[in-house]
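S.K.: One structure, as structure tokens, below. Some questions next.
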Amino acid sequence: MKIIAVDPGNVSGVAYMEADLPCGKDPRCGGDNECLFHGDGPYAGKVLMWRAWEDRPFEIIGAVETWISSADTLMGTDDKLVVCESFIPRPGAHSWQPDALYTIGALKYLCERENVEFALQSPANAKKFSTDAKLKRIGWYIRTPDGHTNDALRHLLLAAVKIGVVAPEQLIERSVPEGSIL
Ligand SMILES: [Zn+2]
């Protein structure tokens, strides 16, 4: 499974990952109890690679286009999902971000043309779910001046957990250290 997430704006963030799907989510496997594809016992899935950066909007759209057309995946599967932050224009000069709208339109077009799944996610949901603490926990925290790289990573993480390629337990700090006598 490949997922790419975009935080659109006059500086856009982008983040992508490739993951091996867990049992029950992978069409090639037999489910939790009788999976022969993954060998003995249920397989929990694994993030195989990820990358994130920020750039001008048309550079990011170009990167998504290249990503969509790249056929080779580490797992040989070709399931792809493009996720983008939704943008609802509100009155007022400061909130008007045409670059965000242009980017959403361009990505929708690319996905329609290439028959790739496209989903919008609200900024509020991404920020609420994918906190800095969770990004740091999974090792996906990349500080940049305006935070667009991390915002793209927040959307990537939200989508990855929804799909099941990242387990929520991976994001929670243990309250009692391992080996503690408590
Ligand atoms: Zn399996």
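The values are calculated or read from the model by the stated rules, or taken from the named source; none is laboratory data. Owing to the predicted nature of the structure, the values given are computational and were not obtained by experimental measurement. Reconstructed Cβ throughout: ideal geometry from the backbone, glycine too, with neighbour counts over all protein chains shown.
S.K.: Could you check how many residues of region 1-16 are in a loop (DSSP other than H, G, I, E, B), farther than 14 Å from T103 by Cβ and touching a His at 6+ places or on another chain (Cβ under 9 Å)? So that I can check it myself, show each step before the final result.
M.R.: Step one: of region 1-16, the residues in a loop (DSSP other than H, G, I, E, B) are 1, 8-11.
Now restrict to residues that are farther than 14 Å from T103 by Cβ: 1.
Checking which are touching a His at 6+ places or on another chain (Cβ under 9 Å) leaves us with none.
Number of matching residues: 0.
S.K.: Here are some residues: C84, C111. Which one is part of a helix (DSSP H, G or I), within 25 Å of D20 (Cβ to Cβ) and either modelled with pLDDT of 95 or more or in contact with a strand residue (DSSP E or B) (Cβ under 6 Å, 6 or more places away or on another chain) (or both)? Steps first, please.
M.R.: Values: C84 fails: part of a helix (DSSP H, G or I).
One residue alone meets the criteria, C111.
S.K.: Please pick out the residue among A100, A52, A63, A19 that is within 16 Å of the ligand (Cβ to nearest atom), outside any loop (DSSP other than H, G, I, E, B) and either surrounded by 16 or more Cβ atoms within 10 Å (Cβ to Cβ) or at pLDDT below 95 (or both).
M.R.: Working: A100 fails: within 16 Å of the ligand (Cβ to nearest atom); A52 fails: within 16 Å of the ligand (Cβ to nearest atom); A63 fails: within 16 Å of the ligand (Cβ to nearest atom).
Result: A19 is the single residue among A100, A52, A63, A19 that is within 16 Å of the ligand (Cβ to nearest atom), outside any loop (DSSP other than H, G, I, E, B) and either surrounded by 16 or more Cβ atoms within 10 Å (Cβ to Cβ) or at pLDDT below 95 (or both).
S.K.: To continue, here is another question. Pairs please, first residue from region 27-42 and closer than 16 Å to G164 by Cα and within 7 Å of the ligand (Cβ to nearest atom), second anywhere and polar (S, T, N, Q) and assigned to a loop (DSSP other than H, G, I, E, B), Cβ atoms under 9 Å, 6+ apart in sequence or on different chains.
M.R.: Note: pairs meeting the criteria are P42/N33.
S.K.: Filter region 115-135 for residues that are assigned to a helix (DSSP H, G or I) and surrounded by 13 or more Cβ atoms within 10 Å (Cβ to Cβ) and give the result.
M.R.: Pass one, region 115-135, residues assigned to a helix (DSSP H, G or I): 123-129, 132-135.
P123, N125, A126, K127, F129, D132, K134, L135 - these are the residues of region 115-135 that are assigned to a helix (DSSP H, G or I) and surrounded by 13 or more Cβ atoms within 10 Å (Cβ to Cβ).
S.K.: Further question: Of N150, N115, which residue is among the polar types (S, T, N, Q) and free of Cβ contacts under 8 Å to residues at least 24 places away in the same chain? Let's see the steps before the verdict.
M.R.: Details: N150 fails: free of Cβ contacts under 8 Å to residues at least 24 places away in the same chain.
Of the residues listed, the single one that is among the polar types (S, T, N, Q) and free of Cβ contacts under 8 Å to residues at least 24 places away in the same chain is N115.
S.K.: Restricting to region 23-37, give me the number of residues that are at pLDDT 80 or above and either crowded, with 17+ Cβ neighbours inside 10 Å or aromatic (F, W, Y) (or both).
M.R.: Number of matching residues: 4.
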